[in-house]
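First up is the structure itself, then whatever we jot down about it.
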Amino acid sequence: MSATGPGRDDRAEPATRSGTGRHPRTGPPAWVIEQAAVATVDASGTEHASGHVVVAGGTIAAVGPGPAPAGAVPEGAHRIDAGGCLVTPGLVNAHHHFSQWVTRGLAPDATLFGWLEALYPRWALIDEEIEHAAALGSLAALVTSGCTTTMDHHYVFPAGVGDLLGAEVEAAREVGVRFHPSRGSMDLGRSAGGLPPDEVVESTDAALAATEEAIEAFDDPSPGSMLRVGVAPCSPFSVTSDLMRGAAEIARRHGVRLHTHLAETADEERYCLERFGCTPAEHVDSLGWLDGDVWVAHGVHLDEPSRRRLAATGTGVAHCPSSNGRLGAGIAPVPELLAAGVSVGIGVDGSASNESGRLGTEMRAALLAARSRGGPEALSTRRALELATIGGARCLGRADEIGSLEVGKLADVAVWRLDTPAHAGIADPVAALTLGSLPPLELLLVGGRPLVASGVPLTIDPERVARSVAGATARLERRWAGG
């Protein structure tokens, strides 16, 4: 990076705990990134073999071939010679469970239902302090793999353990990412025919009241928001129909988005057929859930009628290829979903079912999964990049603000170093990014504020995060052991 680029003393300033999640009053720096390959991921798939991106006032001011025009360069801008790099939109994580960072590596050979049964009791022991450490660990992995916007789906809320959602919000503010926490819930315990133990579920009324409180406490609907809250009952095998209907009513009254797990495994499909007499997609559709304000996670076992219904209603899907592989859930029909017109994004999923926790690697995983199932033309390298950027933005309802490099959009930008030994000589920079090992980040901006430079996080200390995670994991294991 040029000498005018940021060092650790220029670290991004996260928003304070007070307020709604907007950036602080001090304006973000201006940037001129030049001499790089640029993949805009706009509707035309515009790319420049050597181009520029100009950032001013937290938004993209110019994108094009060659050097930045003199008239487009803001006074005092950081000027970056990014030769040997590829510039893309920042990646958008459409599905995650931050808390699972402290339960990685457990039940390594289990299917989803067995894995959940092993981990539910541990998750019930997580408190606010452990949640904060887990969120920081998850976010450190995300930002160093190119993620600028992430959601999180937390759905285990034992009584008396503090403000778990607030702990995640605080961690996201420290790191500086754009954050979409989704208040999850479960009210269908084992005694009533659900999968989770009774001690980890809430009553329907308590879950709905807490969901509305989370929206009122944290959601910032303003343009350019750093913090948007979603509503996310967990799954057909852990949530009653009353909670699903009530959650949808609350979300639509407040104008926020809806999310749930759907059609992840064959076990889930059998459960829905036996309990409801229909497929998982038909079940949630009967509850008024398939619509343009909804995106679901996984969608591995969606048949053709379900895919058509998702497309017709504008319902999106977060594809989680590594997690699906880790749990043996199957390979999602991503090419068929795209062909039907469904918006598809990419998600890391819980760190206990995708121990790497890195979003950038999911592009390669999505490519390989689709091609293993449908041949080399099933998913292109460009389409994989789209899934991780504009596809995720569509799932989160923010495609008008993020997900592509276009003038006027928020300056969420990733600059990938492709002249290292691992990537030098790969002629196609997008193929280098999506088929090769994940390149190091030269620069990562969120709203023009740097979060990573020369591969180093600027807003958090990785060693401190590692110590915090190790301590939190040890405390959780002591509680599990009864110590």
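Before moving on, here are some points about what is shown:
- Cβ-Cβ FRET estimate between CYS278 and GLU463, R0 fixed at 51 Å, reported to 0.05: 0.50
- Across the alpha-carbon set of segment 155-208, the Rg to Rh ratio works out to 1.08, Rh being the Kirkwood radius.
- Between SER372 and ARG253, the simple label model (points 7 Å from Cα in the Cβ direction) yields a spacing of 4.5 nm.
- Under 10 Å, Cβ to Cβ, from TRP115 - net charge with Lys/Arg +1 and Asp/Glu -1: -1
- Both radii are taken from the alpha-carbon atoms of the chain; with Rh as the Kirkwood radius, Rg/Rh is 0.96.
- With a simple spin-label model that places each label point 7 Å from the Cα along the Cα-to-Cβ direction, the separation between GLU117 and THR420 comes to 4.2 nm.
- The spacing between segment 323-366 and segment 267-312, judged by their C-alpha centroids, is 18 Å.
- Spin-label pair GLU199/SER50, simplified geometry with 7 Å Cα→Cβ offset, distance in nm: 6.5 nm
- About its Cα centre, the chain has a charge dipole of approximately 700 debye under the convention of +1 per Lys or Arg Cβ and -1 per Asp or Glu Cβ, with nothing else charged.
- Rounded to the nearest 0.05, the FRET efficiency derived from the C-beta distance between ALA192 and GLU129 at R0 = 30 Å is 0.40.
- Two-site FRET efficiency, GLU477 against ALA43, from Cβ-Cβ distance with R₀ of 45 Å, rounded to 0.05: 0.35
- Antiparallel DSSP beta bridges within the chain, as percent of all bridges there, nearest 5: 45 percent
- Segment 426-474 and segment 391-419: distance between their alpha carbon centers, rounded to Å: 17 Å
Read the figures in this text as sums done on the coordinates, not as results from a lab. Because the structure is a prediction, the values reported are computed rather than measured. With ideal geometry, Cβ positions are generated from the backbone for all residues, glycine too; neighbour counts draw on all protein chains shown.
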